[in-house]
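Report on one structure; see the data block that follows.
The values are calculated or read from the model by the stated rules, or taken from the named source; none is laboratory data. Given the structure is predicted, the values throughout are model-derived calculations rather than measurements. Here Cβ is always computed from backbone atoms with ideal geometry, including for glycine, and neighbour counts include all displayed protein chains. Please note that ligands, DNA and RNA were not included when accessible areas were found on the heavy atoms of the full protein model with its side chains. Shrake-Rupley method; radii C 1.70, N 1.55, O 1.52, S 1.80 Å.
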Amino acid sequence: MTSHERIQAIDSSEEIQLLTEVWRSPPGFFGWFTHVNQTSIGKRFIITGFVFFILGGVLALLMRFQLATPENEFLDPDLYNQIFTMHGITMMFLFAVPIMEGFAIYIIPLMLGTRDMSFPRLNAFGYYVYLIAGAAMYLSLFLGMAPAVGWFAYPPLADARHSPGMGVDFYATVITFMEISALVAAVELIVTIFKQRAPGMSLNRMPLFVWSILVMSFMIVFAMPPLMVTSIMLALDRTVGAHFFTPGSGDPLLWQHLFWFFGHPEVYIIFVPALGMISSIIITFTRRPIFGYTALVLSLVATGFIGFGLWVHHMYTTGLPHLAANFFTAASSMIAIPSGVQVFCWLASLWGTRPRFATPLLYVLGFFFIFVIGGLSGVMVASVPFDTQVHDTYFLVAHFHYVLIGGAVFPLFGGLYYWYPKLTGRLMSEALGKASFWLTFIGFNLTFFPMHYLGLQGMPRRVYTYLEPLGWGDLNLFVSLSSGLLAAGFLATFVNVFRSLKRGRPAGDNPWDADSLEWGTASPPPPYNFRYIPVVMGRYPLWEHLKNQEVPVVTGIRSDRRELLVTSLLDAHPESRSKMPGPTVWPLLLALAVGIGFGGFIFHNIFPVVGFILSFIAIVGWFWPRQLAREAREESS
């Protein structure tokens, strides 16, 4: 090595050391509460989401134990209704959307070739809001005060007269508080995707997973505010007698319209990111470009738009005019078209290749089988005459789980196996992974497919028991036993996760020979993600780089402070540099202050005032220009 090369190596080592020092998160217990890095916050969302998934699964097993035999007295009606409600709230609000956002927060900046999210402190604030809201909901369950009106909380059952306890008050205030987290993450992801892409990554070169997260984020921005307004209206009904949903002076159906205007897009908010995961996995394990990139992008966007026109799909039995119902029948059938386009594009990508049948791809193939069944039953219930017959039966339970578990959870677990090396630097066991897939796949179909038959036989959903002469006992026992097999499949994956943390084979930087930029840095990534911001030359940047011995990078980004490159919206041309804030405790303090204002409203009217004052103090601390003043002093000296 020449003296010039030695000097360059020393300079490079010093630069990496400086970058690590500038971007690292503070160690220790108290330091944990100041983290703002996207990798740290993304991991927290993912881990917390899976914890809530396990809790929701335990609640589901308790319900199946209760329904295993006729006239079972394992759970009393009120406790069963609380568990039933908390299961729905957990899976829809505490697991599905937050964990998709968690994967997005962790992966998207890496996939875009940037060093962090646009608003790191806001990112941390969103996580603490989510954690506080989830903990409050489960505290209500452990205190026996959980809502017992279903995760949909239909009035008049949810009004103060028919549900006099504090359960619905917890629901109405915590749901409003919780959706702040979803909106915060959505806004951050939109800004990051539009303004922080690596140079050369024009919109038509963005990975499909990035497109799916962009569509999901815009859907959250438009879907969550109606839910927040609706839950506030319900809280006002219960506390001050506003009579928005009271029969006579108000309209209970107004709740259904507002709730399902959020609720049906919520299904696609969960589903759309899974579609991006599928595309990423198929590209990697077939080692070829995706078939129909443009068609896939347009299908994602079409799904986002059409998803907002289906909410009456849930209200066919409420006595709406037939003309209105026919319109939503057409829209409910139309949404199958973009889904079908995507399935055929994926099949065309698989056709004629020799794919590597690793665990992530197995979960994608399982998705095809399960989601197609769920989609076909969805077209069936889009028909008013058929839906009228099966609307409140277990047929709908089967359809709902085929769509959400098949359409979202299977791809999510495929994504977990796929990106686990990026999060930890280790590979999960393939043998245990394939065993968990087959247990999950077989257990799922044995659990939920018989529910179609139970529904057609007339078994109503949302009941805590049934009479023996009705003849549903044998099939319910079979379903309950099969749910144990499904739980074993999920448990095998979690065992694999913890086992591989210590005993997993080292993965290297790119164990799958994948194409996208997140695999172009170390696994797990350093605190600054990329030493040099890469320049993108195609849709599959790492494969493009293999063709070119010299890979261009961006220079001029400072190493002595947290700094990001800002690029143009359409073509990702460099525009400016943006300084990022460092670790701080103010996001936690602001989340606690806002939580006091929302949660305390249940107990006394003084708490919103206290929460407002504390929030104001936290916001002042958040924006107080201490760091700018310190930097000015350093530069002057």
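Looking across the stretch 180-206 at every residue that is out of contact with any Pro (no Cβ under 9 Å at 6 or more places or on another chain) and over 28 Å from TRP260 (Cα atoms), the one that is most open to solvent (accessible area, probe 1.4 Å) is identified as ASN204. Inspection of the stretch 325-334 identifies at least one residue that is out of contact with any Phe, Trp or Tyr (no Cβ under 7 Å at 6 or more places or on another chain) and farther than 27 Å from VAL297 by Cα. Might you let me know whether the stretch 264-281 holds any residue that is under 21 Å from PRO360 (Cα atoms), at pLDDT 95 or above and over 21 Å from the mean Cα position of the chain (by Cα)? No, every residue in the stretch 264-281 fails to be under 21 Å from PRO360 (Cα atoms), at pLDDT 95 or above and over 21 Å from the mean Cα position of the chain (by Cα).
From the list LEU542, LEU477, LEU486, LEU491, which one is at pLDDT 95 or above, of a type outside the set (Asp, Glu) and open to solvent by less than 50 Å² (accessible area, probe 1.4 Å)? Step by step, each of LEU542, LEU477, LEU486, LEU491 is checked, and only LEU486 is at pLDDT 95 or above, of a type outside the set (Asp, Glu) and open to solvent by less than 50 Å² (accessible area, probe 1.4 Å).
Taking the listed residues LEU570, LEU564, the one that is in contact with a Ser or Thr (Cβ under 8 Å, 6 or more places away or on another chain) and buried (at least 17 other Cβ atoms within 10 Å of the Cβ) is LEU564, with no other qualifying.
Say we look at the stretch 599-637 and pick out the residues that are in a loop (DSSP other than H, G, I, E, B) and open to solvent by 60 Å² or more (accessible area, probe 1.4 Å); which of these is modelled with the lowest pLDDT? It comes out as SER637.
Scanning the stretch 526-551 for residues that are in contact with a strand residue (DSSP E or B) (Cβ under 8 Å, 6 or more places away or on another chain) and either under 17 Å from GLN17 (Cβ atoms) or assigned to a loop (DSSP other than H, G, I, E, B) (or both) gives TYR532, VAL535, VAL551. Take ARG161 and decide whether it is farther than 30 Å from GLY292 by Cβ, open to solvent by 10 Å² or more (accessible area, probe 1.4 Å) and in contact (Cβ under 8 Å) with a residue 40 or more places away in the chain. Criteria not met by ARG161.
When you scan the stretch 580-603, how many residues do you find that are in contact (Cβ under 8 Å) with a residue 12 or more places away in the chain and more than 30 Å from ILE557 (Cα to Cα)? Qualifying residue count for the region: 13.
Taking GLY425 as the residue in question, decide whether it is within 17 Å of the chain's Cα centre (by Cα) and not charged (D, E, K, R). Taking the combined requirement at face value, the residue does not satisfy it.
Exactly one residue out of THR359, THR424, THR447 is under 25 Å from LEU208 (Cα atoms) and buried (at least 21 other Cβ atoms within 10 Å of the Cβ): that is THR359. Out of SER333, SER299, one residue alone is among the polar types (S, T, N, Q), open to solvent by less than 40 Å² (accessible area, probe 1.4 Å) and either in a loop (DSSP other than H, G, I, E, B) or in contact with a helix residue (DSSP H, G or I) (Cβ under 7 Å, 6 or more places away or on another chain) (or both). It is SER299. For the stretch 232-266, the tally of residues that are part of a helix (DSSP H, G or I) and open to solvent by 40 Å² or more (accessible area, probe 1.4 Å) stands at 9. Any residue at all in the stretch 514-527 that's over 28 Å from the mean Cα position of the chain (by Cα) and open to solvent by less than 40 Å² (accessible area, probe 1.4 Å)? The answer is no; no qualifying residue exists.
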